[in-house]
Every structure is written in structure tokens, then in C-alpha cells.
Amino acid sequence: MPTATGGANSLLTIDLEALAENYRRLRGRLEGARCGAAVKADGYGLGIAEVAPKLWAAGCRDFYAATLEEGAVLRALLPEAAIYIFNGLLPGDETGFVEHGLVPVLNDPGQIERWAVHCRAHGPLPAAVHCDTGMARLGLTPEDTEALLAEPGSLAAFSHLQVMSHLACADTPGAEMNAAQRQAFARIAAALPDATASLANSSGIFLGAGFHFDLARPGIALYGGNPTPEAANPMRQVVRLQGRILQVRQIDAPQTVGYGATFRAQQPMRLATVAAGYADGYFRSLSNRGHAWVGEERVAVVGRVSMDLITLDVTGLPEREVVPGGLVDLLSPEEGVNALAAEAGTIPYEILTALGRRYQRSYRGR
Ligand SMILES: *Cc1c(COP(=O)(O)O)cnc(C)c1O
């Protein structure tokens, strides 16, 4: 196993080649449609400054962020990309969008009107319009959408239009809602034939060609999350998280481990204390549930996850394999974020975006 070369931090290694390969795999599934990328929340926690240029180099030209601030950061990295901002155009934000060359995703008739007024005064700019077909979160309501399709005049103010919607159940291929949303969106797209139509997130790409339209906008699958949770993961792992062993100790029954004494040894055990805790995004719900890997061996988290530390049961492993300063894999080399998310009772998105700032980060394949 790898051993320490100084520093007591755990290691987070992000494989940018795997990211680029995932982009190519997703694009390869799209016949005739373009492949964009969702890079909100700092590139799903992996570091926008590294993620965005790598995706651009892989051929991605359409990037989606959540906020104006994220868009400004992205613009500084990618002078020529199309950058869409999901959270929309709040009053007073027009100048920020113009300054950074960002495209607002217009979420209600007032936003459409405000951007159209701006364009009429200053010259046409691109826009995206989000029509809600089942999330009830952001976007035009079905009634607003009908009104817009009946009177699309304001859209003429824009130099180019993207129309989008978002699937609620894309990761459940059998869900009835997928077909209903696809149908509703196909109607909207057909009524706006000059617009670029975008529906599919990562999982949506795997629902079939009928969901691809003109432009897909995957996020999680780029970063190694499984877009087909009911089947094997078709994506490569991008993140490797190695926990630093700080101390190894022998305990005797009936000694307890950690806060709340929630774990009680039934026989003599050997424990490794590792530098990762809930402050690092190693979720407290992994207490007495999570697993780590020492080489091929799967070892259990025993006791509660604390702020900075976890304890692993390494009883029975060769002593030379578990030494202070050594490393254990906190994400399964094969299953990665998906397995840890399942153990934590959450989704890979939350695991990635919670990855802590204390890990020593390094990027491969820059
Ligand atoms: C985050 C997001 C995406 C990307 O979704 P993934 O499930 O990560 O592929 C696409 N569209 C919208 C509106 C989003 O908010």
C-alpha cells in the first residue's frame, strides 16, 4: 500500500482524463445532438478551474452553471464558451449577464420580458427559456408556457433561443413521468422550431434517442456518478479519496469506540484511526455503516464518524499493511462515489459536492 511522504492530510485525487473520457462516452451516445456539461457548484465539488478547461479541451462548448457568480468564474476560464445560468435573471442582474457574456435561463414571463426589453434597447443577445414540465421548481408553469407559445413575439428580441426542461425521474427508466415530460417538451420544441431544444441530464441521455433533442446537459455522469442506478455504472471513476492513517490501536472486549459508545467490541480488535470526518464531507450517517478499502480488503467503519476522524476495523489485516502515515481508500476503487452514497443513505451528487477542503488535492491528466 502507498505510504506517507509527509503531511497528515488525506488525499483527494481527481482524474481529469477519466472526466474527459466520460464526456466522450456521453457524447458518443448522442446521435445528432450536442453534448454540453453541467458544472455548477464548482464542477460538482471537483474544482471548476480544472474541470471546465478539461471539458472544453474534450470538445464541450455549452456549459451550465447555477448562479451569476459561478458564470463569471467560468467566463474567466473559458472566453469562448456558451454559458447558461439556471437560476435565472433577477431584477438588476442584466448588466452582470452582459458584462460576463452569460446567457440567462429565463424562468418566468417577467424575466423574459425584462431580458427582451434589455435586448431591444442594447441589441439582441441569446436567451434560454425553461419550461417546467413536472418539477414545479424553476421555469415557466404550463399555463405560462401556453401563453408564450400563443404569443411568442417577445422571443424575437433574442439573437438565439434555447428552450429547455428538466426531467424529474430520469434515473428511473420505468417511471411514467418520463414519457409524459418528453411528450410535453416535444410539443414545446416543435412550436419553437428555431430554438435549440435541451431536455436530457445524465440519466436522460440513457433513456434513449427520443430524449436527446438538440443538446444534452449531463452533470453527475461526467464526474463518475452512475446515471443508470439500476444497472452497472457505464462511467469511469474520476475521484479517488485516500484517508491518512493517524494511529493504530489494539482494543479489548468490552471496550467501546467513539462518541456515544455506539460500538462495543465483542473480542480483541485492531482499529485504525483515519483523518476524515463529517467536516470533510464524510457523512455522519456512515457511522457503523461505511466501508473503506485496504488494497482488496473491505474494512468497516466502527463507531460514530466524528468531525475530523473515523475509526476502521482492521482486525486480521497484516500489521505491515496498516501503519500510521499509510493510506486507505475511502471510496471503493471500483464503485466509488456510488457505493459510499448508498451506504450514507444519499446520492453521489451530495458526496461529491460535500468533499472537504482539508484534503490535499491533486489533479491527474491536466
Ligand atoms: C444539475 C442539472 C443538470 C445536470 O443533471 P445531472 O443529473 O447531474 O446530469 C441538468 N439540468 C438542470 C436543470 C440541472 O439543474
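The values are calculated or read from the model by the stated rules, or taken from the named source; none is laboratory data. Owing to the predicted nature of the structure, the values given are computational and were not obtained by experimental measurement. Virtual Cβ from ideal backbone geometry, glycine too; neighbours counted across all protein chains shown. Areas reflect the complete protein model, heavy atoms only, side chains present, ligands, DNA and RNA absent. Shrake-Rupley method; radii C 1.70, N 1.55, O 1.52, S 1.80 Å.
The set of residues in the stretch 198-245 being assigned to a strand (DSSP E or B) and either more than 13 Å from the ligand (Cβ to nearest atom) or open to solvent by 10 Å² or more (accessible area, probe 1.4 Å) (or both) consists of V239, R240, L241, Q242, G243, R244, I245. Can you find a residue that is basic (K, R), in contact (Cβ under 8 Å) with a residue 24 or more places away in the chain and away from the ligand (no atom under 16 Å from the Cβ) anywhere in the stretch 48-57? Yes, the stretch 48-57 contains at least one residue that is basic (K, R), in contact (Cβ under 8 Å) with a residue 24 or more places away in the chain and away from the ligand (no atom under 16 Å from the Cβ).
Need pairs with beta-carbon distance below 6 Å; first residue hydroxyl-bearing (S, T, Y) and within the stretch 147-172, second in a loop (DSSP other than H, G, I, E, B) and open to solvent by less than 40 Å² (accessible area, probe 1.4 Å); sequence gap 6+ or separate chains. These pairs meet every condition: S165/T133; S165/L199.
Might you check whether a residue that is within 26 Å of the chain's Cα centre (by Cα) and among the hydrophobic types (A, V, I, L, M, F, W, C) occurs anywhere in the stretch 313-327? Within the stretch 313-327, one or more residues are within 26 Å of the chain's Cα centre (by Cα) and among the hydrophobic types (A, V, I, L, M, F, W, C). Of the set (1) β-branched (V, I, T); (2) more than 13 Å from the ligand (Cβ to nearest atom); (3) open to solvent by less than 50 Å² (accessible area, probe 1.4 Å); (4) farther than 15 Å from A128 by Cβ, all apply to I83 but (4).
Inspect the stretch 256-266 for any residue being surrounded by fewer than 20 Cβ atoms within 10 Å (Cβ to Cβ) and closer than 21 Å to V239 by Cα and give the result as yes or no. No, every residue in the stretch 256-266 fails to be surrounded by fewer than 20 Cβ atoms within 10 Å (Cβ to Cβ) and closer than 21 Å to V239 by Cα. Among the residues making up the stretch 285-303, those that are exposed (fewer than 14 other Cβ atoms within 10 Å of the Cβ) and free of Cβ contacts under 8 Å to residues at least 40 places away in the same chain are E296, R298. Where strands (runs of 3 or more DSSP E) fall entirely within the stretch 268-366, those with at least 2 residues that are within 23 Å of I14 (Cβ to Cβ) are at 291-294, 327-329, 360-364. Restricting attention to the stretch 276-292, does a residue exist that is over 22 Å from G345 (Cα atoms) and either hydroxyl-bearing (S, T, Y) or more than 24 Å from the chain's Cα centre (by Cα) (or both)? No, every residue in the stretch 276-292 fails to be over 22 Å from G345 (Cα atoms) and either hydroxyl-bearing (S, T, Y) or more than 24 Å from the chain's Cα centre (by Cα) (or both). Residue check: is R25 in contact (Cβ under 8 Å) with a residue 40 or more places away in the chain, open to solvent by 50 Å² or more (accessible area, probe 1.4 Å) and within 18 Å of the chain's Cα centre (by Cα)? Against the criterion (in contact (Cβ under 8 Å) with a residue 40 or more places away in the chain, open to solvent by 50 Å² or more (accessible area, probe 1.4 Å) and within 18 Å of the chain's Cα centre (by Cα)), R25 qualifies. Every condition in (1) crowded, with 22+ Cβ neighbours inside 10 Å; (2) under 18 Å from L30 (Cβ atoms) is met by Q181 except one, and the failing one is (2).
Answer yes or no: is there a residue in the stretch 143-165 that is at positive phi and either at pLDDT below 95 or not aromatic (F, W, Y) (or both). No, the stretch 143-165 contains no residue that is at positive phi and either at pLDDT below 95 or not aromatic (F, W, Y) (or both).
Could you say which residue among A195, A190, A209 is modelled with pLDDT of 95 or more, out of contact with any Asp or Glu (no Cβ under 9 Å at 6 or more places or on another chain) and not basic (K, R)? Steps first, answer last, please.
Numbers: A195 fails: out of contact with any Asp or Glu (no Cβ under 9 Å at 6 or more places or on another chain); A209 fails: out of contact with any Asp or Glu (no Cβ under 9 Å at 6 or more places or on another chain).
Residue meeting the stated conditions: A190.
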